[in-house]
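The values are calculated or read from the model by the stated rules, or taken from the named source; none is laboratory data. This is a predicted model, so every value here is computed, not measured. Positions of Cβ are backbone-derived with ideal geometry, glycine not excepted, and every protein chain shown enters the neighbour counts.
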Amino acid sequence: MKIKSTLSILFLSYLVSALAILGIAFVICPDTYISGFWYRVLWTEILNILFWYGCSGWFKQSLEQNRFALVPVNSMLTFVYCAISLMLVFSFYQTEKLNGLNDWHMILQIVIFAIYGLLLLRLQLAGHFADKDLVIQPDADISPLDLAHRIKIRESDYPKNVCVALKQLREKIAYSLQNTNKIRTNPEYKELVKSINDKLDKRKMTTDIVKQLNSQVEIIQHQTKRQ
């Protein structure tokens with residue numbers, strides 16, 4: 001219900017700004033036959049749509065939490081494009097008022113729109129491929145944070161020197177390995193989880209074993225960076 005109400009506010013904001021643009025246009029130029037004027041008004045309305053589209057992501061954050069990181073970039077990119085395009089409209093106004101639509105104005109508008117479109121497409125593709133790795137497959141093992149938490153629970157079962165080594169190990173696991181499908185389906189990572197669980201359950205952890213496990217974490221980190 002909250003999402004619907006915020007989107008309604010967004011639509012009303014767009015509608016008010018669209019009517020304001022149209023109202024100002026009629027005040028400035030009541031003669032609808034002046035060459036090119038209403039093309040500029042139409043383009044300003046299109047920029048208005050794009051601007052509010054750029055703001056819409058902030059209202060949909062709860063629907064797509066994994067895409068929320070893209071919202072600030074998307075909003076800023078759209079705002080910058082709309083601002084530059086509108087500045088061009090005003091910059092060429094006096095020239096076009098006398099001579100009609102300017103070729104250089106059209107070329108610049110096309111070029112910046114193409115740049116904006118390509119950047120937006122690249123942004124969406126980056127989000128798409130990032131999402132693919134965030135979708136955890138059924139055969140994935142426990143997350144690195146869960147594994148680190150298991151180690152923390154069992155630390156107190158060991159002498160102080162082993163306890164310190166285990167703390168360093170869980171911190172390395174928590175901060176070096178990301179909670180992604182790539183990590184959690186990695187065979188080396190699955191072997192690491194199995195080995196740690198086995199050693200913890202049998203209380204066979206020693207400082208030498210912890211060093212070996214640290215080396216395994218570094219290998220997994222290196223492997224997943226290259227993939």
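Would you check which residues across the stretch 48-103 are of a type in the set (V, I, T), modelled with pLDDT under 75 and over 24 Å from L10 (Cβ atoms) and list them?
none
Those residues that are without any contact (Cβ under 8 Å) to a residue 24 or more places away in the chain and assigned to a helix (DSSP H, G or I), I need them from the stretch 176-217; list them, please.
Across the stretch 176-217, the qualifying residues are P187, K194, S195, D198, K199, D201, D208, I209, Q212, S215.
For R226, the requirement of being modelled with pLDDT under 85 and under 32 Å from the mean Cα position of the chain (by Cα) is met. A search for C-beta distances below 7 Å between a residue of the stretch 7-25 that is touching a residue at least 12 places away in the same chain (Cβ under 8 Å) and any residue that is among the acidic types (D, E) and surrounded by 11 or more Cβ atoms within 10 Å (Cβ to Cβ), counting only pairs 6+ apart in sequence or on different chains, returns A18/E45; I21/E45.
Residue pairs whose Cβ atoms lie under 9 Å apart, separated by 6 or more positions or on different chains, with the first residue in the stretch 153-167 and within 19 Å of V217 (Cβ to Cβ) and in the same structural domain as T206 (by TED's automatic domain parsing) and the second exposed (fewer than 11 other Cβ atoms within 10 Å of the Cβ) and at pLDDT below 90, are R154/D201; R154/R203; Y158/R203; C163/S156. With respect to (1) within 25 Å of the chain's Cα centre (by Cα); (2) more than 15 Å from D146 (Cα to Cα), the lone exception for R203 is condition (1).
Looking at the stretch 117-150, which of the residues that are modelled with pLDDT under 80 and more than 21 Å from the chain's Cα centre (by Cα) is farthest from L77 (Cα to Cα)? In this case the residue turns out to be D139.
Just so you know, in the stretch 164-175 the residues that are surrounded by 15 or more Cβ atoms within 10 Å (Cβ to Cβ) and within 27 Å of the chain's Cα centre (by Cα) include one that is farthest from P144 (Cα to Cα), and it is K172. Annotation: A114 fulfils all but one of (1) modelled with pLDDT under 90; (2) not assigned by TED's automatic domain parsing to the domain that holds M205; the unmet one is (1).
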